[in-house]
Amino acid sequence: LGHLLDKNGEKMSKSKGNVILPQEIFDKYGADAMRLQMFMTAPGDGKRISAESFEETVRPFLNILWNSLLFANPLLEKGKMFRDDKKIRLQIEDEWILSRLAEMRDAVTKGLDDYHFNDSTAALTGFVMDDFSRNYIKWVRERAKEGDERVAFVFYHVFHTLAHVLAP
């Protein structure tokens, strides 16, 4: 229970010669990527650790997060100018993503408070990959290209919250 597993799903063991040194993972992917990989599995479940597992689970999340940031980046400074109390007439998709953002933040906080790190990670990755990238950005792509201040406001709040959630 809870063993580190190799790419074939077998328990890592020095005697089997299938051990991956942590420093190799840190050098290639970084400590944060390793931490994310470890948090994707429930406590007590085997954790598959290999280059392939990072490519299948961690890299897609990080790539989508990075590409979303690159898309939003031109509007982030503009979004920072608006305060929460400023009356901006948001469109329904803007309100939807902000509500999903709040739900994700609450789920991550609860998971961390309850030491259910895999639940926190699932809420975070689901929000970034599905709600934000595959839905919201797709819906507002044209508005973003036009520099819509409502989209700028939303992008700023999403990335501000993500920064706090990723590094509590």
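Rounded to whole numbers, the Karplus 3J(HN,Hα) couplings from phi for segment 8-20 are 8, x, 8, 4, 6, 7, 4, 5, 7, x, 10, 7, 9 Hz, using 6.51 cos²θ - 1.76 cosθ + 1.60 with θ = phi - 60°, and x at Gly and Pro. Based on protein heavy atoms only, the chain ends up with 61 Å² per residue of surface accessible to a 1.4 Å probe. Scoring 124-131, 136-143, 28-35 by mean Cβ neighbours within 10 Å over their residues and listing the highest first yields 124-131, 136-143, 28-35. Segment 1-77 and segment 95-168 have Cα centres spaced 21 Å apart. Per-residue ellipticity at 222 nm computed for the chain from its helices equals -18500 deg cm²/dmol, with DSSP H segments shorter than 4 residues left out and the rest contributing -39,500 (n - 2.57).
Subtracting the Cα-Cα distance of residue 11 and residue 77 from 0.36 nm times their residue separation leaves 18.9 nm of extension gain.
Stretching the chain fully between residue 95 and residue 69 yields a gain of 7.4 nm (0.36 nm per residue, less the alpha carbon separation). Under a Gaussian network description of the chain, with springs only between Cα atoms under 10 Å, the residue in 50, 120, 13 that fluctuates furthest is 13. For residue 47, the residues whose amide H sits under 5 Å from its own are 3, 4, 5, ignoring neighbours fewer than 5 places away on the same chain, with H placed 1.01 Å from N. Springs join every pair of Cα atoms under 10 Å in this Gaussian network model of the chain, and among 19, 154, 58 the largest mean-square fluctuation is at 19. Ligands, DNA and RNA left out, the accessible area of segment 8-57 computed with a 1.4 Å probe is 53% carbon and sulfur.
The values are calculated or read from the model by the stated rules, or taken from the named source; none is laboratory data. Keep in mind that what you see is a predicted model, and the values were worked out from it rather than measured. Because the Cβ atoms are built from the backbone with ideal geometry, glycine has one as well, and the counts that use them run over all protein chains shown. Only protein heavy atoms, including side chains, enter the accessible area calculation; ligands, DNA and RNA are left aside. Shrake-Rupley method; radii C 1.70, N 1.55, O 1.52, S 1.80 Å.
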